[in-house]
1. Given the C-alpha atoms of region 356-429, compute the convex hull and give its volume per residue in Å³.
2. So which aspartates and glutamates can Lys148 reach, going by Cα to Cα under 17 Å and dropping same-chain residues fewer than 8 places off?
3. What translational D, rounded to a whole number of µm²/s, comes out for region 169-224 from Stokes-Einstein when the hydrodynamic radius is the Kirkwood one over Cα pairs, at 4 °C and 1.567 mPa s?
4. How much of the DSSP bridge set in the chain is antiparallel, in percent, rounded to the nearest 5?
5. At 7 Å along the Cα-to-beta-carbon direction for both Lys420 and Ile273, put a label point, then send me their distance in nm to one decimal.
6. Which order do the peptides 123-132, 77-86 take when ranked by the mean count of other beta-carbon atoms within 10 Å per residue, highest first?
7. Take the eigenvalues of the Cα gyration tensor for region 194-283, scale each by 5, and report the square roots as semi-axes in whole Å, largest first.
8. Exposure proxy check: Lys204, Lys426 ranked by fewest other beta carbons within 10 Å?
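Coordinate-derived values only; no laboratory data. Given the structure is predicted, the values throughout are model-derived calculations rather than measurements. Quick reminder, even Gly has a Cβ in these numbers, built from the backbone with ideal geometry, and neighbours come from all protein chains shown.
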Amino acid sequence: MKCLQINGGKKLEGSIRVHGAKNGVLPLLSACVLVDGITVLHNCPRLSDVEVTVDILRYLGAKVTRNDDTLIVDASNIHRNNILEEYMKELRSSIIFLGALASRTGEACLYLPGGCEIGLRPIDLHLKGLKILGYRVYADGHNVCAVKNNVKGAEIVLPFPSVGATENIILASVLASGVTTIVNAAREPEIADLVLFLNKAGAKISGISTPTIIIEGVKSLHSTEHTVIPDRILATTLMSACAITGGNVELTDVCISHVMPTLPAFEEMGCRIKAEENTISIKAPPRLKRVKKIETMAYPGFPTDCQAPVMSALSVAKGTSIVKETIFENRYKHIEQLNLFGTDICVNDRIAVVNGVKNIHSADVRCTDLRGGAAVVIAGLKAEGTSTVRDIYHIDRGYESIENQLSMLGADVKRMYDEKEQQTKKSKQ
Ligand code: EPZ
């Protein structure tokens, strides 16, 4: 097991390119199952979630090769229609394969994904959407299966603009006869990019980035090439790291409109933001100001995935900030770890009260989840002294070599062998 050692107190300065979006490449790789041919995907980051998804594609029978940040997927010979428990346990969002695999092979059986650190993560909206399309969907305590018998286009109204359910329904209906309308569809940029890719491959989908997506079924999808959009959550994470250190950073290859929902918060913190073409520059003040209120919402609201990284920056702002997490029911686990640095954050149900402190000290902390892990790393960049961040496998799911990215901006961060973890393991043997 590895950990990160961070010597805090260094201002982040310099320029860095934002890599491809984790939450963009995963549905795109799932969509490859529908293409009876070759898909070339550029700007695919090296993340453990991406590697697991590639393993799943290979298990299903696809040939996948990586050439730098390009993945080449040949899905001409998909010969399995199940996904093993080990894969689903490692990557619960692989449920996104259900619609595509059932559509391609006629039947798909996936291990039932459980919840995760941030919530129960139910999939009822996914299954309801497939049932309305005509798939026979059944689940026992172990597996969830979908059988394509009399599938045709339908109108599906989502009670909540679920990202995953929107993606699964699109993938399950793109090759179905008839027209499918998704009402109250999620509008995240990763969905727009998925639709763009599918249309390039021959699909007929309209309503990109609107709450109503219309999918006119087509017979097949052909080989195509596509570039994954930049990771807007990584961009906000790097901006939070710059902000907490009073730094001055330029982010390149970023899509400004995708990051727009978080810019007002950084401006309220007193950061100077310059956004032009595909570059965002952020110059932070010596001390951040509080943000009166941040409420997470579905896109184009403030993204739930940015809540923990931004909260970390706010923990040393002047004044008290209020954060309300409305998307996931258990997405404050990072607060206990942040308070080990000497921050002063308390929680009451969905509301977190962040009383900004002037300085924080080093701490020995662990990552509670992907974005919570980013939050404690950000705090470590500010803390006086040397901090240790453990369980960094959470971070590696969504950030490519976070220590290299931060070191490129002047941070003193090293990936080390976790001796304490090793000793604990030995003592248990
Ligand atoms: C996607 O998760 C992202 N993951 C999440 O990013 C992101 O936080 C989330 O969208 C919201 O933007 C990927 O894209 C791989 P949802 P997803 O369906 O699809 C409830 C990260 O850190 N819900 O929009 O699971 C659910 O419980 C990850 O990169 C149902 O009730 O999100 C939650 O409260 C974390 N029934 C809310 O909707 C369902 O069938 C949002 O879920 C589905 C969801």
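1. On the way: hull volume 8.3 nm³, N = 74.
Hull volume over Cα atoms, normalised by residue count, gives 112 Å³.
2. Glu107
3. Working: Rh = 11.0 Å.
D = 118 µm²/s.
4. On the way: 59 of 84 bridges.
Roughly 70 percent of the DSSP beta bridges within the chain come out antiparallel.
5. 3.5 nm
6. Numbers: 123-132: 19.8, 77-86: 15.5.
Per-residue mean Cβ counts within 10 Å order the peptides as 123-132, 77-86.
7. Working: eigenvalues 251, 38, 16 Å².
For region 194-283, the ellipsoid semi-axes come out as 35, 14, 9 Å.
8. Values: Lys204 13, Lys426 8.
The fewest-first ordering by Cβ neighbours comes to Lys426, Lys204.
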